[in-house]
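The values are calculated or read from the model by the stated rules, or taken from the named source; none is laboratory data. All figures in this text were calculated on a predicted structure; none of them were measured in a lab. Neighbour counts are summed over all protein chains in view; Cβ atoms, including those assigned to glycine, are modelled from backbone coordinates with ideal geometry.
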Amino acid sequence: MSDLSGKVALVTGASRGIGAGIAEALAAHGAAVAVNYATGQQEADAVVAKIVAAGGRAIPVQADVSNAEDVDRMVAQVAEALGPISIVVNNAGLTDTHVPWQQITEEDWDRVLDVNLKSCYLTLRATYPFMKEAGWGRIINISSVTFHLGMKNLLHYVSSKGGMIGFTRTLARDVGVDGITVNAITPGAIHVESELHVHPDQDALRARLNEQQSIKRRGLPADIAAAVVFFASPDASFITGQTLNVDGGWAMY
C-alpha cells in the first residue's frame, strides 16, 4: 500500500542526513521528489543522482525556506518541473550547539524559529492550493524527541520543535475537510553527519544512548524515512494530527 506513483513530494533540508534518507525513500516508492537545499548544492546533486540512478525522478531546488519569496519561487519551480505538489515533508532545521538560555541572542532565537517553524507555514501557504484542488495531500513535519524530553540548553530549538507539534494538531483540524492529513514525527538521536560537531566522541554518545534507549543501536535516517513513507501512504489515510515518536524507546508517553 506504499505505492506513491504519480505523487510529487517536496522535502525541505534534503541534501543530507534525515532529509536525504526521506527523499530517497519516497522516490523508491514511486514519488517524484524535489530535494530542497539552502547551501549544499553538491550534496543535493548527489542525492538526486542517487535517486535517478535507481530509476526514480528527482530535481534539486535551492531555497531558504525561512524566506517567503524563496519558498514561492521554489514551489513554482517544482510544480513546473514535476507537477502539482501533494506531499510536503518539513524537515529543514537548525540545531545549534547546546548553550544556557541566557546566552541565546535575539538573533539566534529568530533564526532558529524562522527556519524550524516559520518555514512550515510558508511551505503550507505555497503548496496548499495544489492539495486542495486535488482533494488529497500529505503534510509531514519532522519535529524532535527533545520536545518530549524538555532537554536543557536547547531553549530555542525545543521551542521551535514544540511549535511544530502545535502546528500539526491545529492544521490537521483545519484541512481535513480538504482530504489533507497532517502528522509529525519526533526522531530520537539519529546518526547523521551534522551531530559530529556537537558530539565528536561517538563512542561515548553511543554508550549513553544505549543506557537510555530500549533498542540498543543507533537510529538511522532510514528509520525516519520509513515512518514518513507510512504517513504518505494510503495505509495512513485515517490518521491525522498525530505525533509518532521514532527514537528506539527513549521517550515513552
Looking across region 35-49 at residues that are over 13 Å from Val65 (Cβ atoms) and among the polar types (S, T, N, Q), the single one that is nearest to the chain's Cα centre (by Cα) is Gln41
Checked Arg173, Arg138, Arg125, Arg111 against criteria (of a type in the set (D, E, K, R) and buried (at least 23 other Cβ atoms within 10 Å of the Cβ)); the one match is Arg138
Among Gln77, Gln103, Gln62, the single one that is over 17 Å from the mean Cα position of the chain (by Cα) and either at pLDDT 95 or above or buried (at least 24 other Cβ atoms within 10 Å of the Cβ) (or both) is Gln77
The correct count of residues that are under 16 Å from Ser119 (Cβ atoms), of a type in the set (Gly, Ala, Ser) and more than 14 Å from the chain's Cα centre (by Cα) in region 137-161 is 1
Of those in region 173-219 that are under 19 Å from the mean Cα position of the chain (by Cα) and of a type in the set (Val, Ile, Thr), the residue modelled with the lowest pLDDT is Val192
Note on region 24-46: residues part of a loop (DSSP other than H, G, I, E, B) and without any contact (Cβ under 8 Å) to a residue 12 or more places away in the chain are Thr39
Of (1) of a type in the set (A, V, I, L, M, F, W, C); (2) farther than 20 Å from Ser233 by Cα; (3) touching a strand residue (DSSP E or B) at 6+ places or on another chain (Cβ under 8 Å), Val175 fails just (2)
Just one listed residue, out of Ala46, Ala34, is surrounded by 23 or more Cβ atoms within 10 Å (Cβ to Cβ) and not hydroxyl-bearing (Ser, Thr, Tyr), and it is Ala34
His98: passes all of (1) in a helix (DSSP H, G or I); (2) over 20 Å from the mean Cα position of the chain (by Cα) but (1)
Checking Gly56, Gly21 in turn, the sole residue that is touching a Pro at 6+ places or on another chain (Cβ under 9 Å), buried (at least 16 other Cβ atoms within 10 Å of the Cβ) and in contact (Cβ under 8 Å) with a residue 24 or more places away in the chain turns out to be Gly21
When (1) surrounded by 17 or more Cβ atoms within 10 Å (Cβ to Cβ); (2) more than 16 Å from Ala184 (Cβ to Cβ); (3) under 21 Å from the mean Cα position of the chain (by Cα) are applied to Thr240, the one that fails is (2)
Filtering region 51-66 down to residues that are part of a helix (DSSP H, G or I) and closer than 15 Å to Ala31 by Cβ yields Ile51, Val52
Note on region 133-182: residues in a helix (DSSP H, G or I) and among the small types (Gly, Ala, Ser) are Ala134, Ser159, Ser160, Gly162, Gly163, Gly166, Ala172, Gly176
Considering residues that are touching a residue at least 40 places away in the same chain (Cβ under 8 Å) and either of a type in the set (Phe, Trp, Tyr) or out of contact with any helix residue (DSSP H, G or I) (no Cβ under 9 Å at 6 or more places or on another chain) (or both), the number found within region 146-192 is 7
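Only one residue in Ala126, Ala79 is in contact with an Asp or Glu (Cβ under 8 Å, 6 or more places away or on another chain), part of a helix (DSSP H, G or I), over 29 Å from Tyr253 (Cβ atoms) and touching a residue at least 40 places away in the same chain (Cβ under 8 Å), so which one is that? Spell out the reasoning first.
Values: Ala79 fails: in contact with an Asp or Glu (Cβ under 8 Å, 6 or more places away or on another chain).
That would be Ala126, the only listed residue that is in contact with an Asp or Glu (Cβ under 8 Å, 6 or more places away or on another chain), part of a helix (DSSP H, G or I), over 29 Å from Tyr253 (Cβ atoms) and touching a residue at least 40 places away in the same chain (Cβ under 8 Å).
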The residue that is nearest to Ile180 (Cα to Cα), considering only those in region 203-251 that are without any contact (Cβ under 8 Å) to a residue 12 or more places away in the chain and of a type in the set (A, V, I, L, M, F, W, C), is Phe238
